[in-house]
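Undergrad: Sharing a structure below in structure tokens format, with a few things to ask.
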Amino acid sequence: MEKKSEKINKEKKIKKEKKLKDWKSDKIVVFIFLLTLMTGYFYFSRDYTPKKILIKNQEIEKEIENKLYIYFPENEDLLSEEIIVKGKLSSSEIVGETIKEVISKLKMLGKIPQINLEKEIGYFIIKDKLYLDIPEKLFNEVNSPREELLIIYSFVNSLTNIEGIEKVRFLIDNIDQEKVKYSNLMKDYIFKRNI
């Protein structure tokens, strides 16, 4: 009988352990099931539309244009032309481009001889006055006082159109000269519409 009671106790013990294991695994399954339900509920009940719409404000680089106004002689008059130069230019570069464009236009019209811009033309600015150093040969093609005056005012009117420049003074080959052919160069020139 002892053996039988031991066997029954053993079986009871095994059944108890099995029940405990089953109960633990049932608990885990129920826990996982409840967790799945809760996460599903929160996932689907949440509003996923963005509260703020973020737009990357990308600045589009615009191509900068500088307008230069150059003057040139034609049929005994002084005419003007607008030239657009692309790119960001400093005030010194604007002066250099203006001088280059005036010389280019005067060469094209046959008013001045061939000139090397880098070696023969120079300038500097003091306050509102631009000193323009040009070679004497620039006036080689001039045959009258009117022609010389129109060449001078081609530079003066073009350069005084630049902000900050009110007067132009000419130097001939780095020297302050009274005149080359006809006009007095020992003075400050200002913008003049009618010449």
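Each reported figure results from applying straightforward, stated rules to the coordinates on display, with no laboratory input. Please read all numbers here as calculations on a predicted model, not as lab measurements. No Cβ is skipped: glycine too gets one built from the backbone with ideal geometry, and neighbour counts run over all protein chains shown.
Undergrad: Among 165-171, 108-114, how do they line up from the highest to the lowest mean number of other beta-carbon atoms within 10 Å?
TA: Numbers: 165-171: 18.9, 108-114: 13.4.
The densest-packed peptide leads the list: 165-171, 108-114.
Undergrad: How many nm is it between the label spots at M186 and L37, if each spot is 7 Å from the Cα in line with the beta carbon?
TA: With each label point 7 Å from Cα toward Cβ, the separation is 11.0 nm.
Undergrad: Treat the count of other C-beta atoms within 10 Å as a stand-in for reagent exposure and order T160, T36 from fewest to most. Mind showing how you got there, number by number?
TA: On the way: T160 22, T36 10.
Neighbour counts put them in this order, fewest first: T36, T160.
Undergrad: I84 to E178: FRET efficiency via 1/(1 + (r/R0)^6), r the Cβ-Cβ distance, R0 45 Å, to the nearest 0.05?
TA: Working: r = 38 Å, r/R0 = 0.85.
Between I84 and E178 the formula returns 0.75.
Undergrad: On the principal axes of its Cα set, how long, how wide and how thick is the range 65-172? Give whole Å, largest value first.
TA: That gives 38, 25, 24 Å along the principal axes, largest extent first.
Undergrad: Under a Cβ-Cβ cut-off of 12 Å, what is the net charge of the residues other than I99 that fall near it, where Lys and Arg count +1 and Asp and Glu count -1?
TA: Values: positive: K100, K105; negative: E93, E97, E101, E118, E120, D133.
Its environment carries a net charge of -4.
Undergrad: Which order results if L35, L150 are arranged by neighbouring Cβ count within 10 Å, fewest first?
TA: Values: L35 10, L150 21.
Exposure proxy ranking, most exposed first: L35, L150.
Undergrad: Quote to one decimal, in nm, the extra length available between E93 and K107 on full extension: 0.36 nm per residue of separation minus the C-alpha distance between them. Intermediate values should be presented prior to the final figure.
TA: Values: separation 14, 0.36 × 14 = 5.04 nm, distance 2.08 nm.
Contour length minus the Cα-Cα distance gives 3.0 nm.
Undergrad: Net charge within 14 Å of L78 by Cβ-Cβ distance, Lys/Arg positive one each and Asp/Glu negative one each, not counting L78 itself?
TA: Details: positive: K105, K111, R146, K192, R193; negative: E74, E76, D77, E81, E147, E148.
Summing Lys and Arg as +1 and Asp and Glu as -1 gives -1.
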